[in-house]
Amino acid sequence: LVSAKLPKTRAEDIGNERRTRSLSPSLLTRLTARLEKETRRQILAGVRYIVRYFHTPLPPTPDTAQRRTTIQQTMAEDQLRQIFSQSLNPDASSRNAAESQLKSLRTAPGHALSVLRLISTATDSPSDMPVRQAASVHFKNLVKKGWAPDEDDESRIMLSLSDQDRTLIKNNLVDLMCTVPPQIQAQCSESIALIAATDFPAKWDNLLSDLIGK
């Protein structure tokens, strides 16, 4: 409407002025700076997202969790094996230090199960049999003094054993007794008898069927 009221030459001048203004270096500079600022902001936002994504630990898959548990169990068994090996050392100071460690471990959660796994795992080491035999004696003493401790017994052990741990031990002890060498078998047999004295039949109703099946 404005252009219609103006002479043609004036309308052309206004159009040229607008085009000139839109292409002025100062305007282009401002637009470019704004675009660069917006681009930098988007890039930084993307970088922050990537950093958060890759630095947030993913929940372990069942396989990963199981593998981690197996590694931890293996490490615990290796450490126990070293301690039992040192408990057989002719050097009195080394032997006493190992026996002190074993004494302090008796009430640790999962200790009895770790000892049982060590007993069941044979290795190529020359000291394998003595170590496993020492572990079987240690396990028997754990059961004797800690499975159902007598309150009047000053030497009783307060084992940290959950119901699940107790069930795992009972479910595997008979099979272990039937697969280990005779020197260890005798200790496992006595452990079974000690547990059965308090748990059979009410808390170990599958004992007879397990024994007959083996």
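The values are calculated or read from the model by the stated rules, or taken from the named source; none is laboratory data. In this text, all values refer to a predicted model and were calculated from it rather than measured experimentally. For neighbour counting, all protein chains shown are included, and Cβ atoms are generated from backbone atoms with ideal geometry for every residue, glycine included. Protein only, heavy atoms only, side chains kept; ligands, DNA and RNA dropped before computing areas. Shrake-Rupley method; radii C 1.70, N 1.55, O 1.52, S 1.80 Å.
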How many residues of segment 108-131 are under 25 Å from the mean Cα position of the chain (by Cα) and either assigned to a helix (DSSP H, G or I) or touching a residue at least 60 places away in the same chain (Cβ under 8 Å) (or both)? The answer is 10
Some residue of segment 162-173 being of a type in the set (A, V, I, L, M), in a helix (DSSP H, G or I) and touching an Asp or Glu at 6+ places or on another chain (Cβ under 8 Å): no
Would you confirm, using the coordinates I've provided, whether Ser85 is open to solvent by less than 60 Å² (accessible area, probe 1.4 Å) and at pLDDT 95 or above? yes
List the number of the failed condition for Arg156; all other conditions in (1) touching a Gly at 6+ places or on another chain (Cβ under 8 Å); (2) open to solvent by 30 Å² or more (accessible area, probe 1.4 Å); (3) in contact (Cβ under 8 Å) with a residue 24 or more places away in the chain hold. (3)
Going through Lys170, Lys103 one at a time, which residue ends up being open to solvent by 40 Å² or more (accessible area, probe 1.4 Å), within 28 Å of the chain's Cα centre (by Cα) and of a type in the set (Lys, Arg)? Lys103
Determine if segment 198-213 includes at least one residue that is among the small types (Gly, Ala, Ser), touching a residue at least 40 places away in the same chain (Cβ under 8 Å) and not in a helix (DSSP H, G or I). no
Going through segment 107-124 in order, the residues found to be within 18 Å of Ser85 (Cα to Cα) and open to solvent by 20 Å² or more (accessible area, probe 1.4 Å) are Arg117, Ser120, Thr121, Ala122, Thr123, Asp124
